[in-house]
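A short write-up of the structure that comes next.
The values are calculated or read from the model by the stated rules, or taken from the named source; none is laboratory data. Predicted model only: the values in this text are computed from it and were never measured. Here Cβ is always computed from backbone atoms with ideal geometry, including for glycine, and neighbour counts include all displayed protein chains.
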Amino acid sequence: MTATESATRPTSPVSARTAADAVPADVVAAATGDAHAEGSEDAVERPAKDTAETARIPTFAAFAIRNYRLFFAGQAISNTGTWMQRIAQDWLVLSITNSPLAVGITTALQFLPMLLFGLIGGVVADRYPRRALLIATQTVMGLLAATLAVLTVTGVVQVWHIYLVAFCLGLVTVVDNPTRQTFVNEMVPHRLVRNAVSLNSGNFQLARTVGPAVAGVLITVAGAAWAFGINALSYLAVIAGLLLMRPGELQPSPKAARRPGQVREGLAYVRQRRDLLWTMVLVFFIGTFGYNFAIILSAYAKNVFQSGADTFGLLNSAMAIGSVVGALLAARRQTGRLSTQFGLAAVFGLLLLALGVTPWFVPFVALLVVAGMVGVLFNTLANSSVQLGTDAELRGRVMSLYMLVFAGGTPIGAVIVGAITKAAGPQVGLLVSGAVVVLATLGAGLMAARQSGRDLSDLRARAGHLVHRPAAPARH
């Protein structure tokens, strides 16, 4: 934690209230016009020495850490398998039911546990060793993929089987997501966290480029069961990487003691931290309405472009190419502003609107590339800002709330967008999604700006009171 962060960030809801009762000299400086003083927005978001040299680092700096290299390699293999299963799963549901709504229901069931139990997963991540937790969750995920492979290859698979596996996968993800997100802080030093988060995003998006393309060919040639089976085997790479790590080189976070009210403590912490709160507002709307591409693109491939699984895989890969570029751009940055998040969210919504009015294949694919880049720039900046801005003992709970607002709204958005796509077509589904993201971003931006103005006025008033307060009489 930098000196600036420690001066401006409360370590708990109690300390936040205590800090609010005092106006130190640095706040007087901020309120009287020093934009770089501690207590200003820039001071919270930027390290103390934010020069061009310190704001950028080598793109692959985190690869200098052996444990991180093992983690990254395992994730690269497993993420590819995960994307293969995702494409095969959506295409299998569409083939069985011929209903985009059924695809939406599958997505909703997979993310419903996050909505119901997401905050509990953060408590587990804060309480137990994260490396051991990840070995357990990855093992269970591999078994679920193997189950789906067996059901499909034997020809007995029904849509309710897929629904059940998707829901069980969601239950495991409740613990896996916050644990995996915060485990980055144990593998790399603080200054490389944003870089590692960006590289993880690039890893995931590179797999998103390869996985769907391979899945499209594999489904056409051999069937969906092969994609499920390969994904089951891919989890072995993650487990092996975790087992090969050197525990002595990890930097374990302090474990939260078992006590009542831990979920409430995490919620209160975020409520006191407006920079985290506004980030999560943006993440909610984009996660709920902006990332329903499994539904939209499967319908585009089948109904708009009159094609099959190979085109569906190609559309996903096109978006993933842009996502990889976005992740690599983000990896060189060490800093990020809340205003940048608002700007990227608005641009992403506008790109969804542009996609909705583009009926031609080549321009549609080109826009998908740009949308992928902007979407990942936003995601990476939001994710790393929340992790870096949160105290270590609360990081699991805060990241579980982050994943809750990001993925927990998906059951709502998937069903809504799936129903719109079925009734009016995927073009209308994209237009509605884009409009919601743009309007929500503009509304949240206006409220954040108004709130920021009130806070600055209050600071200036209190600072002026301190400056003009009569001096106490001298004691003799």
Subject >> Those residues of segment 403-421 which are part of a helix (DSSP H, G or I), surrounded by fewer than 24 Cβ atoms within 10 Å (Cβ to Cβ) and among the small types (Gly, Ala, Ser), in sequence order >> reply: Ala419
Subject >> So Arg337, is it in contact (Cβ under 8 Å) with a residue 12 or more places away in the chain, farther than 22 Å from Val428 by Cα, basic (Lys, Arg) and touching a helix residue (DSSP H, G or I) at 6+ places or on another chain (Cβ under 6 Å) >> reply: yes
Subject >> Residue within segment 443-456 that is of a type in the set (A, V, I, L, M) and modelled with pLDDT under 60 present >> reply: yes
**OP:** With the condition kept exactly as written, say whether any residue in segment 90-109 is modelled with pLDDT of 90 or more and aromatic (Phe, Trp, Tyr).
**Re:** no
**OP:** Might you check whether a residue that is at pLDDT 85 or above and either of a type in the set (Ser, Thr, Tyr) or closer than 24 Å to Thr147 by Cα (or both) occurs anywhere in segment 64-74?
**Re:** yes
Subject >> Selection count where residues are outside any helix (DSSP H, G or I) and small (Gly, Ala, Ser), scope segment 72-108 >> reply: 1
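Return yes or no: is Asn231 at pLDDT below 90 and among the polar types (S, T, N, Q)?
Numbers: at pLDDT below 90: no; among the polar types (S, T, N, Q): yes.
Taking the combined requirement at face value, the residue does not satisfy it.
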**OP:** Being buried (at least 22 other Cβ atoms within 10 Å of the Cβ), assigned to a helix (DSSP H, G or I) and either touching an Asp or Glu at 6+ places or on another chain (Cβ under 8 Å) or not charged (D, E, K, R) (or both) narrows it down to one of Phe364, Phe285, so name that one.
**Re:** Phe285
Original post:
Can you tell me which residues in segment 201-253 are surrounded by 21 or more Cβ atoms within 10 Å (Cβ to Cβ) and under 16 Å from Arg130 (Cβ atoms)?
Top reply: Val238, Gly241
Subject >> Hits in segment 374-402 - residues which are free of Cβ contacts under 8 Å to residues at least 60 places away in the same chain and surrounded by fewer than 24 Cβ atoms within 10 Å (Cβ to Cβ) >> reply: Val374
**OP:** Scan segment 194-230 for residues that are within 20 Å of the chain's Cα centre (by Cα) and of a type in the set (Ser, Thr, Tyr) and jot them down.
**Re:** Ser198, Ser201, Thr209
Subject >> Count of residues meeting criterion [crowded, with 23+ Cβ neighbours inside 10 Å and not polar (S, T, N, Q)] in segment 75-103 >> reply: 11
Original post:
Residues in segment 55-71 that are assigned to a helix (DSSP H, G or I) and more than 20 Å from the chain's Cα centre (by Cα): how many?
Top reply: 8
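Could you identify the single residue in Ala318, Ala301 that is in a helix (DSSP H, G or I), closer than 30 Å to Asn98 by Cβ, of a type outside the set (Lys, Arg) and free of Cβ contacts under 8 Å to residues at least 40 places away in the same chain?
Numbers: Ala318 fails: free of Cβ contacts under 8 Å to residues at least 40 places away in the same chain.
Result: Ala301 is the single residue among Ala318, Ala301 that is in a helix (DSSP H, G or I), closer than 30 Å to Asn98 by Cβ, of a type outside the set (Lys, Arg) and free of Cβ contacts under 8 Å to residues at least 40 places away in the same chain.
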Original post:
Going through segment 205-223 one residue at a time, which ones are touching a residue at least 40 places away in the same chain (Cβ under 8 Å) and either closer than 20 Å to Val150 by Cα or of a type in the set (Val, Ile, Thr) (or both)?
Top reply: Thr209, Val210, Val214, Ala215, Gly216, Val217, Leu218, Ile219, Thr220, Gly223
**OP:** Give the residues of segment 170-187 that are buried (at least 22 other Cβ atoms within 10 Å of the Cβ) and over 16 Å from the mean Cα position of the chain (by Cα), sorted by residue number.
**Re:** Met187
**OP:** Please name all residue pairs, on different chains or six or more residues apart, with Cβ atoms under 6 Å, provided the first residue is in segment 175-190 and is in contact (Cβ under 8 Å) with a residue 12 or more places away in the chain and the second residue is among the charged types (D, E, K, R) and buried (at least 24 other Cβ atoms within 10 Å of the Cβ).
**Re:** Thr179/Arg130; Thr182/Arg395; Phe183/Arg130
